[in-house]
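Derivation of every value follows stated rules applied to the coordinates shown; laboratory data play no part. All values derive from a computational prediction rather than experimental measurement. Quick reminder, even Gly has a Cβ in these numbers, built from the backbone with ideal geometry, and neighbours come from all protein chains shown.
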Amino acid sequence: MKIALIHPKITYVCENAPIQDYVNQWYKDIFSRAFNHNLLRLASLTPRDHDIFLIDENYREIDFEARYDVVAVTAMTYQVERAYQIAKAFKDRGPCHTILGGIHASVQPFEAGDHFDSVCVGEVENIWGEFLSDLAAGKARKFYLGTLARLEEIPKLDYSFARQWTEAETASQLRFFPVMSTRGCPRGCDYCSATYLFEKKYRKKSVERVISEVRNIKTTAAELGISQFHVEFCDDNFIVDRRHAKELLAQLAGENITFTASIDIAASDDPEILELLGAGGCKIVSIGLESLEVNILEDLGQWKKSQRAKVERNIRAYFDYGIVPAVNFMVGSDGTDRQLFGNIRKFIQEFPVVYNLLFFTPFPGTPHREVLQKAGRLRADKSWSDYNLFNLVFEPKGMTKEELYDEFFAIRSEYDHLRQFIRSQKCLRNSSGGVNKPRGLLPQEMIY
C-alpha cells in the first residue's frame with residue numbers, strides 16, 4: 001500500500017494581533033528544522049513492503065492530488081482542525097482510508113471519528129501493525145485502543161527517513177534529531193494531558209538502546225551531509241529515575257553531541273546530575289516552572305508547590321555548570337494579577353534565562369478543563385485552533401482579557417528572546433562550566 005504519514009503545519013492563531021505577529025515571527029523557522037518524532041515512529045513501525053511517504057507541512061505543502069491508500073495524520077489539539085481539513089481534502093479527491101492519532105484523538109476519540117475513518121486512541125506502537133493488517137483484509141475498525149508500549153520492544157527509529165525532508169541547499173542548516181529515552185511522568189500535574197494519557201506510568205529504555213539510537217543519528221547526519229545537528233530528547237521528564245539518567249549521561253559524554261531535554265526543577269538538587277549534563281553535551285534544559293506564586297502552584301498540582309522554595313537556587317545552579325535553563329511561565333489562571341507579572345519581570349531580569357510566556361490552557365482530558373467546564377467559564381467563541389497556549393480560551397478572574405493580553409505582550413516586548421539569548425551567552429562566558437568540561441556558546445537557532 002501507499003501510505004502517507006502527515007504532520008499538519010503549525011501556525012499560531014491569536015485573537016490579539018500583536019501577540020500573533022510576535023509569536024509567528026519568532027517560531028516561523030523552528031519547525032522546518034526539526035524532524036518530527038511521531039512521523040519517524042510511524043515510519044519505523046511500518047513494514048518495508050509498503051511505500052511510505054513522510055509529509056510534514058512545516059517543510060513543504062501537501063499535494064492533495066497525489067493518491068494514497070492510507071492517509072495517517074498525527075495532531076495536537078491546536079492542529080486538529082487542520083487535520084480534519086486534510087482528511088476531507090483527500091477523501092473528496094478519491095478513495096483512501098484515513099486514520100488520526102495523537103493526544104487530541106486520544107482524549108476526544110468520538111469527535112475525531114466524525115472526521116476520520118479510524119482513530120488511534122492511546123499509544124500507536126501496539127496497534128499500528130494490527131490496523132494495517134485489518135485494512136488489507138478489508139475489515140479496518142473505527143477505533144483502535146493502544147495500550148502502554150514496552151519501550152525496549154518497539155523498533156528503533158529509522159532516521160534514514162529524514163532524507164525525505166532534507167534538500168541539498170539546506171544541508172548546512174542546523175537540524176534537530178529526536179530521540180526518546182523515557183516516556184511518561186509520575187508528577188501528576190492537573191493541567192498536563194500527557195500525565196493522564198500515559199496513566200502516570202514512567203517507562204524507560206536501556207542505556208545501551210539509547211546510545212545505539214544516538215549513534216544512528218550521527219551516522220544518518222553524515223550520510224545526509226548534515227554538518228550541524230542537535231539531539232532533542234523528547235522525554236516528558238528526562239530525569240525522574242536519577243540512577244538511569246546518570247548512567248545514560250555518563251555514556252553520552254563520549255558521543256561528542258549537543259542535546260536538549262525537558263526536566264523538572266528538582267533535577268538540579270543533585271550536583272552530580274549537573275556535572276554529567278554538562279559533560280554529556282547538554283546545552284539547554286527546558287523547565288516548566290509555570291508560576292512563581294505559591295497560591296497558583298497549589299491549584300496546578302501539589303508537586304509543583306513543593307518545589308517553589310528551591311527555584312532561584314536551582315536555576316542559578318544550572319548557570320554555574322554552563323547550562324542554559326529555558327523556563328516556561330503560564331499566566332491567566334485564577335490568581336493572576338499585575339504583581340504576578342511584576343514578579344516574572346524581576347525573575348527574568350535577575351536570571352538571564354531563555355523563557356516562554358504562555359497562557360494557562362485547559363486542554364481536553366485534564367481535570368482543570370472539567371472544573372472550568374462545570375463552572376461555565378469555557379469560551380464558546382474559541383475553537384481548538386485557539387488552544388495553542390497563546391489565547392485566553394476561558395473567562396479569567398481578577399483581570400480582564402484585554403489587561404492580560406497587554407501585560408503578556410509587554411513582557412514579551414521588554415524581554416524578547418534575542419535579548420535574553422545574548423544575556424545567556426554572556427553568562428555562559430563567565431561560568432565555570434562544571435568541574436571537568438568548559439561549555440561553549442549556543443547557536444541562536446537552539447533558542448526557542
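Here are a few things to note about the model shown:
- Extension gain for Val13-Glu370 works out to 126.1 nm (0.36 nm per residue, less the C-alpha to C-alpha distance).
- Evaluated at q = 0.08, 0.10, 0.11, 0.13 Å⁻¹: base-10 log I(q)/I(0), Debye formula over Cα of the chain: -0.46, -0.74, -0.92, -1.32
- Ranked His97, His7, criterion: other C-beta atoms within 10 Å, fewest first: His97, His7
- At the listed q of 0.12, 0.21 Å⁻¹, the Debye profile of region 295-423, built from one uniform point per Cα, gives log10 I(q)/I(0) equal to -0.52, -1.35.
- The magnitude of the dipole of the chain, with charges of +1 and -1 set on the Cβ of Lys/Arg and Asp/Glu and taken from the Cα centre, is near 760 debye.
- Mean residue ellipticity, 222 nm, helices only, the chain: the sum of -39500 (n - 2.57) across DSSP H runs of n ≥ 4, divided by residue count and rounded to 500, is -11000 deg cm²/dmol.
- Region 2-149: relative contact order as a whole-number percent, Cα under 8 Å and 6+ apart: 23 percent
- Region 201-250, Cα convex hull volume normalised per residue, Å³: 87 Å³
- Proximal aspartates and glutamates relative to Lys305, as straight alpha-carbon distance under 15 Å, when same-chain residues fewer than 8 apart are discounted: Asp190, Asp264, Glu290, Glu293
- By the count of neighbouring beta-carbon atoms within 10 Å, fewest first, Ile99, Ile315 end up ordered Ile315, Ile99.
- Per-peptide average of other Cβ atoms within 10 Å, ordering 278-290, 78-90, 373-385, 407-419 highest first: 278-290, 78-90, 407-419, 373-385
- 22 Å Cα-Cα threshold exceeded, pairs from Lys156/Lys304; Lys91/Lys139; Lys218/Lys283: Lys156/Lys304
- Listed by chain and number, the lysines whose alpha-carbon sits under 17 Å from that of Lys397, ignoring those within fewer than 8 places in the same chain, are Lys374.
- Inverse of mean 1/r across different Cα pairs in region 175-297, Kirkwood, Å: 15.3 Å
- Fewest-first ranking of Glu15, Glu312, using other Cβ atoms within 10 Å as the exposure measure: Glu312, Glu15
- Whether region 2-149 is rounded, prolate or oblate, judged on the alpha carbon gyration tensor where a/c under 1.5 counts as rounded: prolate
- Exceeding the 28 Å Cα-Cα cut-off - candidates Lys310/Lys426; Lys88/Lys401; Lys310/Lys346; Lys346/Lys382; Lys9/Lys346: Lys88/Lys401; Lys346/Lys382; Lys9/Lys346
- The relative contact order of the chain, computed from alpha carbon pairs under 8 Å that lie at least 6 residues apart in sequence, is 14 percent.
- The residue among Thr98, Thr258, Leu248 whose Cα reaches farthest toward the positive pole of the charge dipole of the chain, with charges on the beta-carbon of Lys, Arg, Asp and Glu, is Leu248.
- Cross-link reach list, aspartates and glutamates versus Lys201, counting only Cα pairs under 14 Å and skipping chain neighbours closer than eight places: Glu123, Asp235, Asp236, Asp241
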